[in-house]
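The values are calculated or read from the model by the stated rules, or taken from the named source; none is laboratory data. It should be emphasised that the depicted structure is a prediction, and the values quoted were computed from it without experimental measurement. Cβ coordinates were reconstructed from backbone atoms using ideal geometry, including for glycine residues, and neighbour counts include every protein chain displayed. Side chains included, ligands, DNA and RNA excluded: accessible areas come from the protein's heavy atoms. Shrake-Rupley method; radii C 1.70, N 1.55, O 1.52, S 1.80 Å.
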Amino acid sequence: MPRVRAARFVTDFDSSVNMVRALGRLFEGKDHSGLSMGPGSRRLANLVSSPPRALRRLGFVGMGASQGIPLDRARFIDAEEIARWVTQQYGLGPFDTVVIGSCTGAGLHLAAALGAPFLPQTTLVAVRDFATHPDDAVGAMHALAPTVRLIARNNPEVSVYHMHDPAQDRPMLQAMAYMRLKRLRLGRAYERFLEERLAPGGTIIQLECERTWRTRAVGERAHFQFGALGGVAEEEYHDNGARIAEYLEAEGSPRRKWEPPEPDARRAEAEWGWDPALGEDVERLARRYGYRLQRLVMEEPQDLSALVADFHRWWYRRIGVPSGRLLVESYVQWDPYWVLRLGVVPFWLRFNMQPSYEDLQTYLNHAEPYDDIYLNLFSQGLWSPGVVPLEKWRELIKSKAREHAEIIGVDEKAYPLDTGSTMRYQPAFEALPFRHPIPPPVTVDDIDVFLENSRKDYARVRWV
Amino acid sequence: MRVKDSIVVVTGASSGIGRATALAFAGGRAAVVLAARREQALDEVARECEAAGGQALAVPTDVTDPKAVDELARRAVERFGRIDVWVNNAALTLFAPFLDAPLEDFRRVLDVNVMGYVHGARAALPQMKEQGAGAIVNVSSIAGVVPQPYTHAYCMSKAAIRAFSASLRQELMLEGSPSRNIKVVSVLPGTIDTPFFDYTANYTGREAKAMPPVYSPERVARTIVNLVRVPRREVTVGPMARNLAMQAKMTPGLVEKMMALQVDKTHLSRTKPAPATEGNLHEPASGSGSVHGRWNGKRRTAIRRAMSGTALAGVVTVVRRRRR
Amino acid sequence: MVCIHGLGCSHRYFLPFAQSLAPAARVVAPDLPGFGRTKGPLDGLDVRGLSRALADWLRVTGRRGVVLVANSTGCQVVVDMAVHAPDVLGPVVLNGPTMDRHARSAARQGARLVMNGLFERPSLGLLLARDYIDCGPRRYFATFAHKLADPIERKLHLVASPAIVARGRRDPIVPHEWAAEVAELLPSGRLVEVRGAGHTLNYSAPGELAQMARELLEC
């Protein structure tokens, strides 16, 4: 299958790649339609999601297969080339602020408000794997270990995480394996970006997500992670239980429980976690050029969402944009362009799972009530454990909105096997009423002011 | 040499080419002495040989042990009184990037594939000289002519076997009669549909596959039996192997490059990862062995033939029409 | 004393300068990777790549702390060493340091380069033609893009050693204001201007440049 993509190695549905693409396009005055890869079109989405369920499931598998790099090309995977690709998504600047570090959708909206480009620490590279069974964790670890070690050896500036999550990523795992490259050094491309495009006296905001996970080393700078941050708790991946057995049975798996390899250490979570090794490099560079270094530390990637939502509200009020509308986005179905054009307050959910639901609930319980609440949900291709049904979401937002609550851009019949999901969210955002010109960017000082005056205490987030 | 009633020793007889060869000789009413590491598999082959019409003797042997190989020869003579044909066939391979190949694995491949053959020839020759006749068949590979990447030890060993055969042949020629009547021949098969690739040591991270075109082991066995009837120095098996050997003489650089790309795309899987394993190098594979692998050699050959037949018929029709 | 050439050039245009210093000082002019007779990647190295190569070369040949005389974009390479290899960096003569941060565009720099041709000795053109052929257009423009983006003004404060900024009065590539700014940003730098000369002092006014280099040798 030919691979249609702009960069040789990155994976189109990866959170980091979508942060970079969305911001790069925002600075050009464009939206993030179809993950910045294809058109956003409701009709096309309907067409794609019209076949029967089994075919749609296959569609997800095929998507994985098309994103995977053939194994013989694994030796060409070059983290520096990916970094260069990232820096090419942004203009020449100079930028007053650059955001670097862990991926989070709330961080995306913060960066968008600041007009700041984002340099991800972690990027995803997928390699083809038609052989291992999604539920055979040990088998997958052993089968991919030589490839993981090869990538780690060829890229001394990153550590490589082979991430294997049969709960959330099941259809993808049938055709590919996730390799997450986490930078331990800035590398030449990022260094040059900060040297050349960050304005003198500018600020580097370092997003640090403290989430760690049980992992197992398979070589030098090469790790295996079973499970991932999602609807299944970390312990459940190892201790199993009735819910997992039910899930495996429903999926037609020959197994009734998972037997992951014995972990040997807790390391930064493969997708979202921050590896402090990179911080040393950033600090050195900031000192050398006299940049201000501001760390934004959170326990979980989603912890930032409440702060960023409140910050938007505060900002919109200050510049005279009505601030009573909330747009809840999930995973990579975000669009900073439309958030700013519509003047909606963004609240980002990491996924469509129970923990995300609870976070939104907590936020809405304590926040000043919103007039309108819109919610969009990502479709990952199966009812993985922890996926919250649409009805429950609807009830939640209905009970909290003062005037109007609606789930938008979701094919309710197909969800969560909606193959057209990534083409559906942007037209839905675009269709919302009221538009404003994109406001001039905020500054880092504004965040300071906001936090000083905020009555709320964001316990799980630190701005230092 | 007549195959009927001859005494044939086959090493590596538990599976693949060795097993097919033993069965072919047995079918020609020869007596076969079967050697391999796996006793259980050998017993099964012996039963099959007897069913095919020949006598059989199973002698579990590790060919890297010279004493064991001498014992094999001794048992063959003890039971059948002589050795007419000795088929050196037991071989292993190892897929690995050069620096990732454990040295002991590398050495083991050379030990089995080269020294195993040397031990065999040293055990068989005294008996054959005494008889004043005999044939030593060394199964090499087309990889000994056109080497492949990631299988250094294997390709080295297969080239070494060709050289070994030639050197021994020359010596016997110089010695004159009766040693002249002892024939030393090399067989160069292409890719053969055997379980060879399923148990191979592999450190590439990619599953090893049989590289097309794949031929059936029976085809090699037939070639070996015919070689014993009418000895020739060196014989390739399968048109692909013959073409490759010829091309390698004409455009060696080009063939070398093409082979590298071919192996990278089709010999190692691009979609199926594989764990690092030492395979059957140090411990034999479990089970009772089999002649065929999972590569459908026979069916593939039939399809290829049907297709080339159709193509040929097509060409003939076109040419005829033009002439009219 | 080590001479560092500018974009697309090589050791060759340092000959008049070296001659006017001989035999008082030993003058070495290496070709950076991709230029003159040194091999390098076709797509060119960025400033850090060139300065790393230079620093490594200075280290292995035992030339830490020697006086460095750089021309044009060679100055950016020398200044960049202050970032990652301050131990290697000795006193420097920055002859026509590029890129004027007030004119950071390819069009303006290109026009200035053409203008400069009017103020140089004609033989320089012939000499450089050969160097440009060695370098090749692809590498030339790739390197040019890297040099253009390089924020030299933010690294100047890291140059701890004594420095002289040398400028030809008629040099259009490096205007007086920019040269003065560079000298100002250097912790111990001063500006010396040569009357009647263009951008390439090492070729058109070697005697004057040699005089400055000698001063640094003595201190």
Spin-label point model (7 Å from Cα, Cβ direction): what's the residue A:262 to residue C:87 distance in nm?
-> 4.4 nm
When the chain is fully extended, how far beyond the present Cα-Cα distance does residue A:299 get from residue A:188, taking 0.36 nm per residue of separation?
-> 37.0 nm
Within the range B:186-216, whose backbone N sits under 18 Å from a point 7 Å along Cα→Cβ of residue B:246?
-> B:188-191, B:213
Evaluate E = 1/(1 + (r/R0)^6) for residue C:43 and residue B:278, where r is the Cβ-Cβ distance and R0 equals 41 Å; express this FRET efficiency to the nearest 0.05.
-> 0.45
Furthest towards positive pole of dipole, A:352, A:374, A:438, structure part the range A:304-439, Cβ charges = A:438
So between residue B:2 and residue B:43, what do we pick up on full extension, going 0.36 nm a residue minus the alpha carbon distance?
-> 12.1 nm
If r is the Cβ-Cβ distance from residue A:395 to residue A:452 and R0 is 30 Å, what FRET efficiency results, to the nearest 0.05?
-> 0.25
Residue B:285 paired with residue A:434, simple spin-label distance in nm, labels 7 Å along Cα-to-beta-carbon = 7.0 nm
Fraction of antiparallel bridges per DSSP, chain A only, in percent to nearest 5 = 40 percent
Ratio Rg/Rh [Cα only; Rh per Kirkwood] for the range C:75-118 = 1.10
Compare each residue of the range A:181-212 in its chain alone against the assembly with all protein chains, and report those whose accessible area goes down by 40 Å² or more; 1.4 Å probe, heavy atoms.
-> A:188, A:192, A:195, A:196
Size of the dipole of the range A:15-298 about the Cα centre, Lys and Arg at +1 and Asp and Glu at -1 on the beta carbon, nothing else charged, in debye to 20?
-> 700 debye
With every protein chain in place, the protein assembly as shown: carbon and sulfur % of accessible area (1.4 Å) = 54 percent
Can you give the average number of partner chain beta-carbon atoms within 10 Å of each beta-carbon in peptide A:138-144, as a whole number?
-> 3
Quick one: which residues, 5+ away or cross-chain, put their amide H under 5 Å from the amide H of residue B:95? H built at 1.01 Å from N.
-> B:201, B:202, B:203
Amide H contacts of residue B:236 (H built 1.01 Å from N, under 5 Å, at least 5 apart or other chain) | B:188
Under 25 Å from the Cα of residue A:392 - lysines, other chains or at least 8 residues apart | A:400, A:413
Return the average number of partner chain Cβ atoms within 10 angstrom of each residue Cβ along peptide B:270-281.
-> 6
Residue-normalised value, i.e. accessible area per residue, for the protein assembly as shown at 1.4 Å probe, in Å², stands at 40 Å²
Area hidden from solvent between C and A (accessible, protein heavy atoms only, 1.4 Å, total, Å²) | 1000 Å²
Given charges at Cβ of Lys, Arg, Asp, Glu: the range A:168-223 dipole, positive-most of A:223, A:200, A:174 | A:174
Among A:99, A:162, A:133, the residue whose Cα sits farthest towards the positive end of the charge dipole of the range A:15-298 (+1 at Cβ of Lys and Arg, -1 at Cβ of Asp and Glu, taken about the Cα centre) is A:99
Counting other Cβ atoms within 10 Å, which trypsin sites (Lys or Arg not before Pro) in the range A:6-106 have at most 11 and lie in a DSSP loop?
-> none
Buried accessible area, chains B and A (both chains, 1.4 Å probe, Å² to nearest 100) = 1200 Å²
When the label point is put 7 Å from the Cα of residue C:184 along its Cα-to-beta-carbon vector, which residues of the range A:272-314 have a backbone N closer than 20 Å?
-> A:290
Loop GluC sites (Glu not before Pro), the range A:209-240 (other Cβ atoms within 10 Å of the site Cβ: 15 or fewer; DSSP) | A:220
Would you be so kind as to list the residues of the range A:149-171 that have their accessible area lowered by at least 30 Å² in the full protein complex compared with their chain by itself (1.4 Å probe)?
-> A:153
Taking only protein heavy atoms and a 1.4 Å probe, the highest-to-lowest accessible-area order of A:325, B:233 is B:233, A:325
Take the Cα of residue C:106, step 7 Å along the line toward its Cβ, and report every residue of the range C:1-26 whose backbone nitrogen sits under 20 Å from that point.
-> C:7-9
Quick one: which bits of the range C:38-76 get at least 20 Å² less accessible when the partner protein chains are in, versus the chain alone, with a 1.4 Å probe?
-> C:46, C:48
By how many nm would the segment from residue C:123 to residue C:157 grow when fully extended, if each residue of separation counts as 0.36 nm and the alpha-carbon distance is taken off?
-> 8.6 nm
How many nm is it between the label spots at residue A:220 and residue A:245, if each spot is 7 Å from the Cα in line with the beta carbon?
-> 4.5 nm
Nearest-0.05 FRET efficiency for residue B:294 and residue A:80, computed from C-beta distance (R0 41 Å) | 0.50
What ranking do B:313-320, C:6-13, A:382-389, A:419-426 get when scored by the average of other Cβ atoms within 10 Å per residue, highest first?
-> A:419-426, C:6-13, A:382-389, B:313-320
Residues meeting the amide H criterion for residue A:101 (H placed from the backbone, H to H distance under 5 Å, 5 or more places apart or on another chain) are A:119, A:121, A:207
